[in-house]
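S.K.: After the structure tokens below, expect a handful of questions from me.
The values are calculated or read from the model by the stated rules, or taken from the named source; none is laboratory data. Since the model is a prediction, treat every value here as computed from it, not as a measurement. Every residue, glycine as well, gets a Cβ built from its backbone with ideal geometry; the counts of neighbours run over all protein chains shown. For accessibility, only protein heavy atoms count, side chains too; no ligands or nucleic acids. Shrake-Rupley method; radii C 1.70, N 1.55, O 1.52, S 1.80 Å.
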Amino acid sequence: MDRNSGTLVFLSHDLSNNAMGRLYSTYLIARKAGYRCVIAGAKGSALWAPVQSQLQDVEVVSFSTVEDLVHLAERTSASAFLSVKAMPSTLFPGMSAARECGLPLVLDIDDPDLDVALSRDSRLRAIAKRIRHPRQMHAFSAAHGIATRHARVITSSPALAQIYGGQIVPHVRAQRPMPGTPHHSSKPSLAFVGTPLQHKGISQLRSAVAQTQHLGTTLTVTAEAPTDAHPWERWVGRTSLEEGMRIVANTDIIAIPSLEIGYGPLQLPVKLIDAMLLGRAIIVSDLEPMTWAIGDAGLVVTPGSTRRLVDAISTLADPAARSQLGARALERARVLFDPAQYVDELKSVIEMP
């Protein structure tokens, strides 16, 4: 590990937001590269709960002005700023502070946040937003334009790199000594671990599990129970990173059936990487970021198709099939999502002329 890389100042638009999950991933690479890490948040007073215990030896501060960032950079002898997600509240002050300090600004884009904010998939919705929120939409449009032209960019998948360019630096995880629970049960358990937003396909997953009750399937979801919860469903509410990992480690099948709406087509959920590293049998939708990540180490289904989900669950009722896929997933993840693999990529973007 290079101990002389200096200080990297992460800029977060909201310290309490799940965007901190991406910050944590890039932090792991930065620490491997020898950077001291400081986090400056435009909003939020407490760190997002799942990563609170994971960020070691990190100074966390709030900022409201460019001058705050300039003083922080001077006090910490910063080497660079890194704007996580490149939202307007961090991109614009980060650019001004970087210019004033003579430091590089790196944009870290792991989701289509700007594209979704601008409703680029719907012309009518985009026009309506511009009429209702002209100043906000102008800020997002300007941020998107800058991000697509900026010289120093890292993205989490090839799909986002096609839009924003830059180096591909996917979500990573610290290596674990052993995979999760062996695949023995003939009554498979399924889980969705993450935030069950509209584009995540939870309704289709619940329906598929209901239709496979003859196999003895169960489903765990990290959200509060809805009014129509079924006896075979376990709703555990929001969890810590550690508890989320325990759920994944002890579940037979991890399903990420994202839809072709909103964030879905361009999002690479980090729980896919967790599931791979724990040797789980995995089902994902046929969306480019996830099929790139899983390769041939999981089952791929048509987005929104409950029938395809049922077929995939039925295939994975066989413990031997789950074991085979889980082993392939673990082998692939140990190479593709190791923080050490992306040290050179991160440093090359920060240190480029």
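For (1) farther than 29 Å from D274 by Cβ; (2) of a type in the set (D, E, K, R); (3) assigned to a loop (DSSP other than H, G, I, E, B); (4) modelled with pLDDT under 90, each residue gets a yes or a no:
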{"residue": "L8", "(1), (2), (3), (4)": "no, no, no, no"}
{"residue": "L11", "(1), (2), (3), (4)": "no, no, no, no"}
{"residue": "N18", "(1), (2), (3), (4)": "no, no, yes, yes"}
{"residue": "I29", "(1), (2), (3), (4)": "no, no, no, no"}
{"residue": "H71", "(1), (2), (3), (4)": "yes, no, no, no"}
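S.K.: Taking the conditions exactly as written (touching a residue at least 60 places away in the same chain (Cβ under 8 Å), open to solvent by 40 Å² or more (accessible area, probe 1.4 Å) and out of contact with any Asp or Glu (no Cβ under 8 Å at 6 or more places or on another chain)), does S305 satisfy them or not?
M.R.: No; evaluated as a whole, the condition is false for this residue.
S.K.: Give me the residue from segment 146-186 that is more than 21 Å from L277 (Cβ to Cβ) and of a type in the set (D, E, K, R) and, out of that set, least open to solvent (accessible area, probe 1.4 Å).
M.R.: Ranking the candidates gives R152 first.
S.K.: Taking only segment 44-69 into account, find how many residues are free of Cβ contacts under 8 Å to residues at least 60 places away in the same chain, part of a helix (DSSP H, G or I) and of a type in the set (A, V, I, L, M, F, W, C).
M.R.: 1
S.K.: Every residue in segment 103-142 that is within 21 Å of V84 (Cβ to Cβ) and acidic (D, E), please.
M.R.: Result: D108, D110, D111, D113, D115.
S.K.: Would you call S83 modelled with pLDDT of 95 or more, of a type in the set (S, T, N, Q), within 20 Å of the chain's Cα centre (by Cα) and under 19 Å from Q167 (Cβ atoms)?
M.R.: yes
S.K.: Can we say S77 is open to solvent by 60 Å² or more (accessible area, probe 1.4 Å) and at positive phi?
M.R.: Yes; evaluated as a whole, the condition is true for this residue.
S.K.: What about E331, is it of a type outside the set (A, V, I, L, M) and touching a residue at least 40 places away in the same chain (Cβ under 8 Å)?
M.R.: Criteria not met by E331.
S.K.: Then there is this: Going through T251, T222, T227 one at a time, which residue ends up being open to solvent by less than 20 Å² (accessible area, probe 1.4 Å), of a type in the set (S, T, Y) and more than 30 Å from S119 (Cα to Cα)? Full working, then the answer.
M.R.: Numbers: T222 fails: more than 30 Å from S119 (Cα to Cα); T227 fails: open to solvent by less than 20 Å² (accessible area, probe 1.4 Å).
Step by step, each of T251, T222, T227 is checked, and only T251 is open to solvent by less than 20 Å² (accessible area, probe 1.4 Å), of a type in the set (S, T, Y) and more than 30 Å from S119 (Cα to Cα).
S.K.: Without any contact (Cβ under 8 Å) to a residue 24 or more places away in the chain and buried (at least 17 other Cβ atoms within 10 Å of the Cβ), is that true of R322?
M.R.: no
S.K.: Can you name the residue in segment 80-125 that is of a type in the set (D, E) and assigned to a helix (DSSP H, G or I) and is also most open to solvent (accessible area, probe 1.4 Å) among such residues?
M.R.: E100
S.K.: Mind checking whether some residue in segment 174-186 is under 28 Å from F81 (Cβ atoms) and free of Cβ contacts under 8 Å to residues at least 12 places away in the same chain?
M.R.: The answer is no, given that none of the residues of segment 174-186 is under 28 Å from F81 (Cβ atoms) and free of Cβ contacts under 8 Å to residues at least 12 places away in the same chain.
S.K.: Here are the criteria: (1) open to solvent by less than 50 Å² (accessible area, probe 1.4 Å); (2) without any contact (Cβ under 8 Å) to a residue 40 or more places away in the chain. Tell me which single one L72 does not satisfy.
M.R.: Every condition holds for L72 apart from (2).
S.K.: When you scan segment 128-146, do you find a residue that is touching a strand residue (DSSP E or B) at 6+ places or on another chain (Cβ under 9 Å) and within 20 Å of L266 (Cα to Cα), even just one?
M.R.: yes
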